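Enquirer: Quick one: structure below, then a few questions.
The values are calculated or read from the model by the stated rules, or taken from the named source; none is laboratory data. This structure is a prediction, so every number in the text was calculated from the model and none was measured. Neighbour counts run over all protein chains shown; Cβ positions are idealised from the backbone, glycine included. Quick note on the areas: whole protein, heavy atoms, side chains included, nothing else; ligands and nucleic acids left out. Shrake-Rupley method; radii C 1.70, N 1.55, O 1.52, S 1.80 Å.
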Amino acid sequence: MGFTKEQELYDKNQCIGLLVVNYPEPSEWDVDGFYEMADAEIAGIVSDESVYDRKAVFGETNYYKYYKKFKKTYPVILQYESFAFKGRPFPRNNPVVEAPFLAEVVTKVLSGCHDIDKTSGDVVFYSPTEKEDFMGLRGEVIHTYPNDVAARDDDGIIKSLIAGADDRTAGSDESRNVFYPFFGTPGQDTSELESAAKVLEKYVKTLAPAAKCEYILL
């Protein structure tokens, strides 16, 4: 499989970063080490509500402004605040999926997880011109948003930046070959995506030192 980006995203100067990872079998994973690191990362997040200001932390970020255009709240804000103020423990279900979740909260750069073995043909990133329905991660019908960024393969839509991931290719307990997308907003510096990918790669290597990682910038 390959990854491509359609011309309208080039015209918008909207970049996509991809960390492609091939995991070894779970017998080679250091799951305890990964969760110990995750707990330490979460502990470093702001925990004193009196010194936290949402606008100061997120208000000037590209994503805050991007989601606001679609009358949405950047979901990483809610994730961050759930750890900072509500005492939410870091999930312990599937570290392959939880690694990018941790990277989102720490770097504030939007990511995701898709199973390469469940995709069909090449993955194409594009900007929808209309609402397009697809089955979301939670089993409900969701849709793309005009002028947002989305991704599709030969069998249909697999991702919308605003709406989220599909239920067909999203990472699962069985996933061993995955790609983690990092979505840039129009004009966003590509170094932010690369830095976030390096953080995620550190998490991946903590979980599975023998994992093979490749970073791709579109």
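Enquirer: When segment 172-211 is examined, which residues are found to be in a helix (DSSP H, G or I) and of a type outside the set (A, V, I, L, M)?
Expert: THR190, SER191, GLU192, GLU194, SER195, LYS198, GLU201, LYS202, TYR203, LYS205, THR206, listed by residue number.
Enquirer: Identify all residues within segment 171-218 that are of a type in the set (A, V, I, L, M) and out of contact with any Lys or Arg (no Cβ under 9 Å at 6 or more places or on another chain); write none if there are none.
Expert: VAL178, LEU193, ALA197, VAL199, LEU200, VAL204, LEU207, ALA208, ALA210, ILE216, LEU217
Enquirer: Another question about this same structure. Condition first: among the hydrophobic types (A, V, I, L, M, F, W, C), open to solvent by 30 Å² or more (accessible area, probe 1.4 Å) and assigned to a loop (DSSP other than H, G, I, E, B). Now tell me which residues in segment 40-53 satisfy that.
Expert: VAL46
Enquirer: Out of everything in segment 54-77 that is in contact with a helix residue (DSSP H, G or I) (Cβ under 8 Å, 6 or more places away or on another chain) and assigned to a loop (DSSP other than H, G, I, E, B), what residue ends up being surrounded by the most Cβ atoms within 10 Å (Cβ to Cβ)?
Expert: Residue satisfying both the conditions and the ranking: TYR74.
Enquirer: Would you point out which residue out of GLY156, GLY136, GLY187 is of a type outside the set (A, V, I, L, M, F, W, C), closer than 23 Å to LYS72 by Cα and without any contact (Cβ under 8 Å) to a residue 60 or more places away in the chain?
Expert: Answer to the check: GLY136.
Enquirer: Hey, can you tell me all the residues within segment 188-204 that are farther than 21 Å from THR4 by Cβ and either open to solvent by 10 Å² or more (accessible area, probe 1.4 Å) or within 13 Å of the chain's Cα centre (by Cα) (or both)?
Expert: ASP189, SER191, GLU192, SER195, ALA196, LYS198, VAL199, LEU200, GLU201, LYS202
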